[in-house]
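All remarks here apply to the structure that follows.
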Ligand SMILES: Cc1ncc(COP(=O)(O)O)c(C=O)c1O
């Protein structure tokens, strides 16, 4: 059965052009610096984000954790939002790998209050850890996009205190599309950025860590330490190049479909859509089910539709390259039928 998959944009399959590029990729041993395709992807990524250098890494989690490890020393404190990916969905890796403490700022819709951040920055005191890093997430995995002015405020506070800023930009191109600005304008308010090739951009594997040349040189050594030095990685980098060349400009289609889905779902009795959080390709909603959640997920599956169970009481439906308008219409019809049954 051919499923319609709304679980995430991570489920996207590579496009035909990606498969062709992977087949024909010129490769070499990237740990020796011999892979021209990886080098091209790194140069392209750095140029697009307006930074000096970039590094190809296996995943978004790897890129975030590599950034934390490279920016900090053991015992440092990292300030970040309480609902961000690094806190919620990275298996507690920052404590294990970098030996840092995560100081969580309470957030509303993913947004950290600048005054809270300022208050949490440590002063010199024999009892205190050093504040080693501030992390921001944009677009946030709760579906929201942070405005440039809010990013600027955080960056200025960080710079005033000589603290680096890392941006989890797994979906930076969704954020740039939603804000109508270049990704480089968002990246300008950070010292390092991780972004994913393997989500809405459809590449099968890989993320990029970008920053200044000295930071990326240190990150390259730390990537080796973590076992992330990949050999003929040009085979997968080739798909990443297609992702950047061909898939960024179409993200607006995913956003449009998500808005259409949000509107249609909010018209169904028993469904409350978080419309103030429908900024990108994600729709979050609370669904008052008559039966069990398992039965709901199962009923959709029997109609050829994959969704995840709820998290914190909310379901999430994600649009992507492979979920076109008719797929979204089918999702809405099936949900409406279940709710009206
Ligand atoms: C905001 C954010 N950061 C980081 C990641 C981690 O990416 P990966 O799944 O490639 O490790 C994700 C994954 O969904 C994400 O949504």
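Residue 100 - would you say it is surrounded by fewer than 24 Cβ atoms within 10 Å (Cβ to Cβ) and outside the structural domain of residue 208 (by TED's automatic domain parsing)? Against the criterion (surrounded by fewer than 24 Cβ atoms within 10 Å (Cβ to Cβ) and outside the structural domain of residue 208 (by TED's automatic domain parsing)), residue 100 does not qualify. Regarding residue 126, is this residue in the same structural domain as residue 238 (by TED's automatic domain parsing) and modelled with pLDDT under 95? Spelling it out, it is not the case that residue 126 is in the same structural domain as residue 238 (by TED's automatic domain parsing) and modelled with pLDDT under 95. For the residues 133, 179, 167, the requirement of being closer than 30 Å to residue 285 by Cα and either within 16 Å of the ligand (Cβ to nearest atom) or surrounded by fewer than 18 Cβ atoms within 10 Å (Cβ to Cβ) (or both) singles out 167.
With respect to residue 111, is the statement that it is within 16 Å of the ligand (Cβ to nearest atom), free of Cβ contacts under 8 Å to residues at least 60 places away in the same chain, surrounded by fewer than 22 Cβ atoms within 10 Å (Cβ to Cβ) and farther than 21 Å from residue 222 by Cβ true? Judged against the criteria, residue 111 is a match. Using the structure shown, decide if residue 191 is under 20 Å from residue 77 (Cα atoms), more than 14 Å from the ligand (Cβ to nearest atom) and in contact (Cβ under 8 Å) with a residue 24 or more places away in the chain. Answer is yes for this residue. One residue stands out among those in the stretch 139-157 that are free of Cβ contacts under 8 Å to residues at least 40 places away in the same chain and in contact with a strand residue (DSSP E or B) (Cβ under 7 Å, 6 or more places away or on another chain): the one that is surrounded by the fewest Cβ atoms within 10 Å (Cβ to Cβ), which is 150.
The residues in the stretch 56-90 that are more than 9 Å from the ligand (Cβ to nearest atom), part of a helix (DSSP H, G or I) and surrounded by fewer than 24 Cβ atoms within 10 Å (Cβ to Cβ) can be counted, and the count is 3. Taken over the stretch 42-55, the criterion of being surrounded by 15 or more Cβ atoms within 10 Å (Cβ to Cβ), out of contact with any strand residue (DSSP E or B) (no Cβ under 6 Å at 6 or more places or on another chain) and not in a loop (DSSP other than H, G, I, E, B) is satisfied by 44, 48, 53.
Residue-wise test of (1) in a strand (DSSP E or B); (2) in contact with a strand residue (DSSP E or B) (Cβ under 8 Å, 6 or more places away or on another chain).
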site	(1), (2)
297	no, no
308	no, yes
315	yes, yes
326	no, no
332	no, no
335	no, yes
338	no, no
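Considering every residue within the stretch 295-308, establish whether at least one is modelled with pLDDT under 95 and over 21 Å from the mean Cα position of the chain (by Cα). For the stretch 295-308, residues modelled with pLDDT under 95 and over 21 Å from the mean Cα position of the chain (by Cα): absent.
For the stretch 208-231, the condition of being surrounded by 15 or more Cβ atoms within 10 Å (Cβ to Cβ), under 15 Å from the mean Cα position of the chain (by Cα) and within 14 Å of the ligand (Cβ to nearest atom) holds for at least one residue. Please verify whether the stretch 3-10 includes one or more residues that are outside any loop (DSSP other than H, G, I, E, B), farther than 13 Å from residue 203 by Cβ, out of contact with any strand residue (DSSP E or B) (no Cβ under 8 Å at 6 or more places or on another chain) and more than 16 Å from the ligand (Cβ to nearest atom). No, that holds for no residue. Sort through 160, 166 and tell me the only one that's without any contact (Cβ under 8 Å) to a residue 24 or more places away in the chain and farther than 25 Å from residue 258 by Cα. When all the criteria are applied, what remains is 160.
The values are calculated or read from the model by the stated rules, or taken from the named source; none is laboratory data. Here the structure is a predicted model, which is why all the values come from computation and not from measurement. All Cβ positions, glycine included, derive from the backbone under ideal geometry; neighbour counts span all protein chains shown.
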